[in-house]
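As structure tokens, the structure follows; a few thoughts come after it.
No lab work stands behind these numbers, since they all come straight from the coordinates. Model, not experiment: these values are computed from the prediction. Using ideal geometry, Cβ is built from the backbone for each residue, glycine included, and neighbour counts are taken over all protein chains shown.
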């Protein structure tokens with residue numbers, strides 16, 4: 001009997017202990033991301049920093065593969081009711097997740113509900129509205145934000161006796177000299193992102209109807225005018241004259257020849273900065289993405305690429321509060337500055353940018369500032385971004401047609417006609433899936 | 001009742017893993033579905049017409065046909081040649097056989113990775129080799145070059161399986177038949193085509209089906225690694241396109257419609273094979 005009593009009291013004590021620890025335990029939140037390699041390590045550092053900074057919440061980052069795989073995993077988990085609190089979704093997937101009404105809680109709401117101050121003006125220009133809805137409410141919290149810039153091999157330009165070009169007209173003048181000096185003058189790593197989406201922004205040109213798609217997916221169609229067609233005719237001409245190198249759709253395949261010193265100038269992401277500085281053995285620098293001076297109103301800023309963090313719906317208030325407090329931590333100037341320095345992605349708030357400036361970071365590494373300066377160039381009507389569904393496939397269509405164009409299987413006119421036809425069909429299909 | 005009970009586990013597996021997903025695929029091929037599952041709209045045959053009228057689908061289907069033909073034909077041909085030669089080796093036979101078979105253990109994505117390394121446009125040794133003959137290969141840029149690399153990798157990966165089967169098939173042919181044949185005919189070449197080859201037909205027929213299925217479905221890993229998850233202007237197979245649209249692009253309806261077509265295709269292929277070809281195969 002005595003024995004039984006002892007056991008019973010132990011059980012009771014254990015149960016009490018259990019409840020008491022539960023009530024003091026940190027709330028767990030999960031963060032699914034697509035940051036591999038060095039970037040993944042920095043993500044873990046951020047999570048550890050947050051967990052160490054407070055006791056109420058505990059965040060666990062989980063690496064889910066590529067951007068596409070992460071989005072697909074998040075969607076599958078949502079359908080099974082097992083979604084993470086925070087899901088990282090890339091630029092091309094933004095319309096999918098924002099279009100699914102009820103899948104996410106807007107970042108702005110989650111911060112305001114938790115009583116954390118939010119002012120969209122705190123965020124730098126090119127970042128501010130990319131993941132916002134048509135009313136300007138921020139839906140996704142911009143995370144790793146980058147923009148296409150021009151990297152150049154300082155030795156190569158010196159050898160050819162030229163300066164880095166500001167415009168494509170200037171490029172056409174200096175390219176033959178670089179070729180003579182034994183270099184492929186130019187390469188780029190992402191034709192849809194750099195020569196299509198950001199081409200539109202850099203020249204302040206409309207990309208799609210319905211306010212670039214922000215006003216709803218119904219009847220949104222792609223808009224391709226003369227400037228972009230002329231640009232691709234010029235690029236094809238450069239390729240044929242040996243002034244431009246095209247190495248396929250893969251990002252790395254196009255960056256490698258620049259890293260090896262064969263290509264003099266390369267258009268890539270401002271987020272590539274950290275990687276290049278660790279790889280190349282020649283002095284390099286960077287400048288803005290060139291534009292065509294001949295296009296009226298050109299020279300406007302670009303918008304961000306990369307990805308944002310979305311707070312998934314269907315979670316408890318406690319967990320949502322933790323998400324808000326994590327977002328607050330993430331956007332603090334110290335964390336943003338650390339992220340900027342470690343990875344090359346731009347800081348997303350003005351305060352973090354000021355901190356980097358004050359710290360003298362750009363005096364020692366001026367090239368690291370190019371991305372953020374380009375994002376804060378004066379904007380225009382068409383520079384805040386785009387919002388189109390099934391955009392992953394639309395980019396695939398672009399890559400296919402551009403690839404055909406580069407290998408001479410199609411013409412500029414036919415390529416854009418096909419992109420418009422296939423792209424608009426995808427947009428129409430997407431509009432039907434969401435019914436808005 | 002007992003026989004049915006004994007069949008039950010097998011039937012359950014078939015139902016859960018094959019029939020149910022197939023039914024789901026057929027159903028969702030008639031709907032346009034929001035990826036998050038908030039709603040779906042019945043669109044009738046729209047998914048099928050959209051797919052068949054898209055500029056890309058025909059190109060992918062044509063490539064799949066060409067790819068399947070070359071992979072099947074070349075991997076069967078090379079394997080048969082190697083098996084016939086290995087069958088005649090007397091000394092160190094097991095070493096030869098092991099050397100020819102080990103590739104079988106390589107997983108398709110790893111095979112694809114080896115292919116990528118060999119054919120890389122910047123550092124690939126195969127590219128350097130072909131450059132000596134004046135062929136400037138550009139995998140990922142040139143459609144033909146990329147197809148070539150894919151076919152070579154897929155064939156290389158498949159030869160060992162065929163080799164093992166052909167070799168055991170050859171060893172199963174009775175010595176007395178072969179001896180009788182060699183009395184009748186002195187030409188080894190003719191003996192092979194008139195005696196050995198017909199006797200190998202059951203093995204060959206089985207391998208033909210296995211290889212077509214391999215080229216259609218199992219080469220997924222190789223295609224994925226060679227195109228580096230970026231289809232671009234590269235050749236892809238029908239199965240890979242199902243993945244691209246469904247899992248990369250979150251177009252569930254369109255992707256389901258494609259898998260339904262693929263299912264029908266395999267169904268027809270199997271019927272043709274068993275109805276027409278099998279009649280000409282003699283099982284001894």
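Quick notes on this one:
- FRET E, pair residue B:66, residue B:272, Förster distance 22 Å, beta-carbon r, rounded to 0.05: 0.75
- Here the mean projected area of the convex hull built on the C-alpha positions of chain A is 24.3 nm².
- Peptides A:238-247, A:275-284, A:103-112 ordered by packing proxy, namely the average of other Cβ atoms within 10 Å per residue, highest first: A:103-112, A:238-247, A:275-284.
- Number of partner chain Cβ atoms within 10 Å, mean per residue of B:33-46: 6
- The stretch B:48-63 versus the stretch B:103-160: alpha-carbon centroid distance in Å: 26
- Distance between the C-alpha centres of the stretch A:134-188 and the stretch A:270-295: 6 Å, rounded to the whole angstrom.
- Taking only the Cα atoms of the stretch A:130-187, the radius of gyration and Dmax are 18.3, 52 Å.
- Judged by the ratio a/c of the largest to the smallest principal axis of the C-alpha gyration tensor, the stretch A:104-215 counts as prolate, that ratio being 1.5 or greater while a/b is larger than b/c.
- Computed from label points 7 Å out along Cα-Cβ, the spacing between residue A:38 and residue A:376 is 2.4 nm.
- Exposure proxy ranking, count of Cβ atoms within 10 Å, fewest first, for B:224, A:396: B:224, A:396
- If you sort the three axes of the alpha carbon gyration tensor as a ≥ b ≥ c, you get a/c of 1.5 or more for the stretch B:44-280 and a/b no higher than b/c, which makes it oblate.
- Ordering of B:264-274, A:368-378 by packing is A:368-378, B:264-274, highest average first (other Cβ atoms within 10 Å, averaged per residue).
- Antiparallel bridges, percent of DSSP beta bridges restricted to chain A (to nearest 5): 60
- Residue mean of other protein chain beta carbons inside 10 Å, B:115-127: 1
- FRET efficiency for the pair residue A:363 and residue A:121, taken as 1/(1 + (r/R0)^6) with r the Cβ-Cβ distance and R0 = 25 Å, rounds to 0.40.
- The angle separating the long axis of helix A:391-406 from the principal Cα axis of greatest extent in chain A is about 20 degrees.
- Rounded to the nearest 10 degrees, the inclination of helix A:412-434 to the longest alpha-carbon principal axis of chain A is 20 degrees.
- Computed over every Cα-Cα pair of the stretch B:148-284 and binned at 5 Å starting from 0, the pair-distance distribution P(r) comes out as 2, 8, 14, 14, 15, 13, 10, 8, 6, 4, 3, 2, 1, 0 percent.
- Expressed as a fraction of 2.2 N^0.38 Å, the value expected for a compact globular protein of N residues, the C-alpha radius of gyration of the stretch A:155-218 is 1.58.
- Helix B:108-119 axis, angle to chain B major axis (alpha carbon atoms, nearest 10°): 80
- Pairwise Cα separations in the stretch A:364-436 fall into 10 Å bins from 0 onward with the following percentages, short to long: 17, 29, 28, 23, 4, 0.
- Size descriptor, Kirkwood hydrodynamic radius, that averages inverse alpha-carbon separations across the stretch A:71-132, Å: 13.1
- Helical content of chain B, expressed as a calculated mean residue ellipticity at 222 nm, amounts to -21000 deg cm²/dmol (DSSP H runs of 4 or more residues, -39,500 (n - 2.57) each, divided by residue number, nearest 500).
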